[in-house]
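The next block holds one structure in the form of structure tokens; read it before the comments.
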Amino acid sequence: MTRGPAGDAAPAAEQQGEFLHVWGDTVRGNKLLIGVLVGIVCGIVGLYGGRAVVTALGVEEQLVDVWSLITGILGCLAAGVITARVSSPARIISEDAEDSGALAAAIDELGEDTRGLGVLEDATDLSRAELEAAGLTEAFREAEARVAARAESRRDGGDA
């Protein structure tokens, strides 16, 4: 859940419009627009500014296009650096997420998917090895136990 400036939970409708899904990642729309605009400006300045500088230096006419293309690319790289300095990451990755309970909440959220969480025994050997390498096997076993306990309580309690 995302929190607003005052620490209160922001409504889901407000948060949903703030983020975009682009190339398999989630980004803030306003920061993406700023990054694109900075990229366009720096690229054009690099391309045409480089052309003017290279022409003023008296480089052969055949090489002006090549050098202006190179300065345009350098402008795009500068735009990347500028955008990275101006924009902070939308997500913060924490090494101690397991301690804060965020890991268990994330696994529970995965389990709420229509396909459910599944069980580790059904996973491929590669998937189990990756979970083990990341130190997540125990967390997924605990999640399996929670799911099984909920299913058992539903069976015992009927519809309640």
Worksheet, complete the sentence: Here FRET efficiency (C-beta to C-beta, Leu69 to Leu126, R₀ 41 Å, nearest 0.05) is 0.40
Worksheet item: Tell me, what ³J(HN,Hα) does each residue in the range 75-86 have, in order and in whole Hz, if you take phi through Karplus 6.51 cos²θ - 1.76 cosθ + 1.60 with θ = phi - 60° and put x for Gly and Pro?
Response: x, 5, 5, 4, 4, x, 5, 4, 5, 5, 6, 7
Worksheet item: Ranked highest first by the average count of other Cβ atoms within 10 Å around their residues, in what order do 144-154, 101-111 fall?
Response: 101-111, 144-154
Item to complete: Sort 131-138, 71-78 for me by packing, meaning the mean count of neighbouring Cβ atoms within 10 Å per residue, highest on top.
Response: 71-78, 131-138
Worksheet item: Across the range 30-35, in residue order, what do the Karplus-derived ³J(HN,Hα) couplings come to in whole Hz, using 6.51 cos²θ - 1.76 cosθ + 1.60 with θ = phi - 60° and x for Gly and Pro?
Response: 5, 6, 5, 4, 4, x
Worksheet item: Ordered by packing density, taken as the mean number of other Cβ atoms within 10 Å over each peptide's residues, highest first, how do 37-50, 18-31 rank?
Response: 37-50, 18-31
Discussion item. Please list, in order along the range 56-62, the HN-Hα scalar couplings obtained from phi with the Karplus expression 6.51 cos²θ - 1.76 cosθ + 1.60 (θ = phi - 60°), rounded to whole Hz, x for Gly and Pro.
Written reply: 5, 6, x, 6, 3, 4, 5
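Where a number appears in this text, it was derived from the coordinates with a stated rule and is not lab data. These numbers were taken from a predicted model, which means no experiment stands behind them. Every residue, glycine among them, receives a Cβ derived from its backbone with ideal geometry; neighbour counts consider all protein chains shown.
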